[in-house]
Amino acid sequence: MSKKVIVLGEVRDGALRNVSFEAIAAAKKISGGGEIVGVLIGDSVQNLGQEMIQYGADRVVAVEHPHLKHYTSDGYGQAFMAVHEQEEPEAIVFGHTALGKDLSPKIAAKLQSGLVSDVTDIEGEDDEAVFIRPIYSGKAFEKVKINEGTVFVTVRPNNIEPLAQDAGRSGDVASVSADIQNLRSVVKDVVTKATDGVDMSEAKVIVAGGRGVKGAEGFEPLKELADLLGGAIGASRGACDADYCDYSLQIGQTGKVVTPDLYIAAGISGAIQHLAGMSNSKVIVAINKDPEANIFKVADYGIVGDLFEVIPMMIEEIKQLKVNA
Amino acid sequence: MNIYALVKRTFDTEEKISVQNGQIAEDGAEFIINPYDEYAVEEAIRVRDEHGGEVTVLTIGSEEAEKQLRTALAMGADKAVLINTEDDLDELDEFGASTIIAEYLKDKDADLIIAGNVAIDGGSGQVGPRVAELLDINYVTTITELKIDGDKATVVRDVEGDSETIEAQMPLLVTAQQGLNDPRYPSLPGIMKAKKKPLEELELDDIDLDEDDVEVKVERVDVFLPPEKQAGRVLEGDLQDQVKELVQLLRNEAKVI
């Protein structure tokens, strides 16, 4: 039986996040040919509807309200439920982002449904769909299926290939009105700490530092390399505990779990807890003075050496490459 | 203030994971309080010390989870509740766990509920917000700061590296992110006192739930380990040449830059 699936399009700084297109691709598999409806929530988002359609949604509904400028679980919950009542979908897909993690359990509780969080792959289609997700921070994986009720999943950024954008696709973008009221939380202030807005969960390249960076200023060359590669900065617990950087950068079993295309570990020894957070990256480069460091056991390429020599050399070499290209 | 901390017994983060008969092997593994829940317990104690009241730690599990509850009591919590599902349930998903917790809490008039933002085993991060929704109270996830003033809390929340300051109405459920505090180690007198603190054990019957009410919606069909990562190449030669080679490899072999 084909399924009608609704996909939440997540907007950041006025643009759709890549994970939303990945969520549409996941929805395609779950739908078994059923209709895919994109949902946009915000104070001014309707203009992004066509892009969701170009990536595979059949049509889009938007809920716009001044109270939806900032995400709150109450505001977005009310907006999403207004769409849900109108559309009555059989399946729902969100990105497993800060927003998706916060909102999806609320919706699942309202619907009294199951919810499969942090899906990295889907086997089979429609009623046969089996969802693969990491457990123990990626030390193992489980396959699960949903026995009854709404098929509700969140997909981990960077894992499911989006469909190719088709500029020729068009569809209906309609608005749904909702009363957004009685918000129990109000966002007072937002301080941006992430490096140039490249978020770790979606970054294609992560340059991570450990105790070997020796101080806050030791992250500077790593930042420069990350910027050059359009990537993000990360850190081991050791570096965070030593106050070299903010805990929001921590990668590992306590911390973020990341799967970029390229992970460069600089001055990180590779404790089992750190490996849990990054060992499923596609390509891993280790730079460490200690040839016995554990990190070399998972690295595709390793350089035994001082990161303060190696990283600046890499920066120069990559700059050269870009000039010659 | 009536404060609840939700905790889960999990594998120690040092443990290697292996699979036996389609399940994660638990033989000989060390268990701890889920690290994010430790932040929750610590924060609950600090809030109580500042505002007065009582901290109750709550978990679902088997008798073995008593050890983690005693640890939380030794840190300074006042009471503990174990909802023992060992005889009633083979499986429990987030729907079921949140149903049980909310059913227990519904007539307890909690002012503040603190949970970890995620458990390091299942990793779904659902139970906290689900409980809040079932109790129809406000929630804020992944917090790094909490200040309570009357019927309002000022909360700082980590949002993928950005920090949001939120004014939130009480009663409130929050989930802890690392950076919220440094959990204390239980002191020796704390451990002694914990032995005498009340630890209540309940079963589903005691909270008027039936096995059918918490039947899993999501069923595990398989567990597997990721393919072992093969150690790659450690480059050799002059450092400058190694870097040249590395950049070429990343460009031409791995095709990632």
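Quick notes
- Of everything in the range B:120-136 that is crowded, with 24+ Cβ neighbours inside 10 Å and of a type in the set (A, V, I, L, M, F, W, C), the residue that is nearest to the other protein chains (Cβ to nearest Cβ) is B:I120.
- The number of residues in the range B:210-249 that are more than 30 Å from B:A97 (Cβ to Cβ) and either surrounded by fewer than 17 Cβ atoms within 10 Å (Cβ to Cβ) or more than 7 Å from chain A (Cβ to nearest Cβ) (or both) comes to 15.
- Filter result for A:G149 (under 25 Å from B:V214 (Cβ atoms), small (G, A, S) and modelled with pLDDT of 95 or more): no
- Filtered by the rule that a residue be closer than 16 Å to B:L239 by Cβ and either surrounded by fewer than 21 Cβ atoms within 10 Å (Cβ to Cβ) or of a type outside the set (A, V, I, L, M) (or both), the range A:271-295 gives A:N288, A:K289, A:D290, A:P291.
- B:L73 falls short on exactly one of the conditions (1) under 28 Å from B:K195 (Cα atoms); (2) open to solvent by 10 Å² or more (accessible area, probe 1.4 Å); (3) among the hydrophobic types (A, V, I, L, M, F, W, C), and that condition is (2).
- Residue in the range B:80-94 that is without any contact (Cβ under 8 Å) to a residue 60 or more places away in the chain, facing chain A (nearest Cβ under 8 Å) and not hydrophobic (A, V, I, L, M, F, W, C) present: no
- When residues in the range A:107-124 are screened for being free of Cβ contacts under 8 Å to residues at least 40 places away in the same chain and facing chain B (nearest Cβ under 7 Å), 8 of them pass.
- Among residues of the range A:1-15, those that are aliphatic (A, V, I, L, M), over 16 Å from A:Y76 (Cα atoms) and open to solvent by less than 40 Å² (accessible area, probe 1.4 Å), counted: 1
- The set of residues from the range A:289-310 being more than 28 Å from A:N159 (Cα to Cα), more than 7 Å from every other protein chain (Cβ to nearest Cβ) and touching a residue at least 24 places away in the same chain (Cβ under 8 Å) comprises A:K289, A:A293, A:L307, A:F308.
- Here is the figure for the range A:171-215: residues that are part of a helix (DSSP H, G or I) and hydroxyl-bearing (S, T, Y) total 1.
- For the range A:83-111, a residue qualifies if it is in contact with a strand residue (DSSP E or B) (Cβ under 9 Å, 6 or more places away or on another chain) and of a type in the set (D, E, K, R), and the qualifying residues are A:E87, A:E90, A:K101, A:D102, A:K106.
- A:V116 vs. criteria closer than 18 Å to B:V221 by Cβ, over 14 Å from the mean Cα position of the chain (by Cα) and surrounded by fewer than 23 Cβ atoms within 10 Å (Cβ to Cβ): no
- Pairs with Cβ under 6 Å, 6+ apart, first in the range A:251-262 and more than 12 Å from A:E202 (Cα to Cα), second at pLDDT below 90: A:Q253/A:S137; A:Q253/B:T13
- Condition met for A:S175 (within 10 Å of chain B (Cβ to nearest Cβ) and touching a residue at least 40 places away in the same chain (Cβ under 8 Å)): no
- Top-ranked residue of the range A:125-141 - restricted to ones that are open to solvent by 20 Å² or more (accessible area, probe 1.4 Å) and free of Cβ contacts under 8 Å to residues at least 24 places away in the same chain, ranked as farthest from the other protein chains (Cβ to nearest Cβ): A:E128
- Flag for A:T72 being closer than 17 Å to A:T259 by Cβ, at pLDDT 95 or above and outside the structural domain of A:M278 (by TED's automatic domain parsing): no
- Filter pass, B:L202 being more than 30 Å from A:R237 (Cβ to Cβ) and open to solvent by less than 30 Å² (accessible area, probe 1.4 Å): yes
- Where B:D37 falls short, out of the listed (1) over 21 Å from B:K108 (Cβ atoms); (2) within 13 Å of another protein chain (Cβ to nearest Cβ): (1)
- Unmet requirement for B:Y139, which otherwise passes all of (1) more than 7 Å from chain A (Cβ to nearest Cβ); (2) open to solvent by less than 20 Å² (accessible area, probe 1.4 Å); (3) among the aromatic types (F, W, Y): (1)
- Condition met for B:I257 (in the same structural domain as B:R70 (by TED's automatic domain parsing) and among the aliphatic types (A, V, I, L, M)): no
- Strands (runs of 3 or more DSSP E) contained in the range A:1-103 and holding at least 3 residues within 14 Å of chain B (Cβ to nearest Cβ): A:91-95
- Summed over the range A:104-132, the residues that are assigned to a helix (DSSP H, G or I) and small (G, A, S) give a count of 3.
- Residues that are out of contact with any Leu (no Cβ under 8 Å at 6 or more places or on another chain) and either open to solvent by 20 Å² or more (accessible area, probe 1.4 Å) or on the phi > 0 side of the Ramachandran plot (or both) within the range B:90-109 comprise B:D90, B:E91, B:L92, B:D107, B:K108, B:D109, listed in sequence order.
- Residue within the range A:163-179 that is farther than 26 Å from B:E15 by Cβ, touching a His at 6+ places or on another chain (Cβ under 7 Å) and among the small types (G, A, S) present: yes
- Apart from one condition, A:F219 fits all of (1) at pLDDT 95 or above; (2) aromatic (F, W, Y); (3) surrounded by fewer than 21 Cβ atoms within 10 Å (Cβ to Cβ); the exception is (3).
- Of the residues making up the range B:162-184, not a single one is within 28 Å of B:D93 (Cβ to Cβ) and over 22 Å from the mean Cα position of the chain (by Cα).
- Looking across the range A:144-170 at every residue that is assigned to a strand (DSSP E or B) and under 26 Å from A:L262 (Cα atoms), the one that is nearest to the other protein chains (Cβ to nearest Cβ) is identified as A:T154.
- Residue list for the range A:152-170, filter: open to solvent by 70 Å² or more (accessible area, probe 1.4 Å) and of a type in the set (A, V, I, L, M, F, W, C): A:A164, A:A167
The values are calculated or read from the model by the stated rules, or taken from the named source; none is laboratory data. What you are looking at is a predicted structure, and each value in this text was computed from that prediction instead of being measured. Don't worry about glycine lacking a Cβ; one is built from the backbone with ideal geometry, like all the others, and counts go over all protein chains shown. For the accessible areas, the whole protein counts, side chains as well, though only heavy atoms, and no ligand, DNA or RNA atoms are used. Shrake-Rupley method; radii C 1.70, N 1.55, O 1.52, S 1.80 Å.
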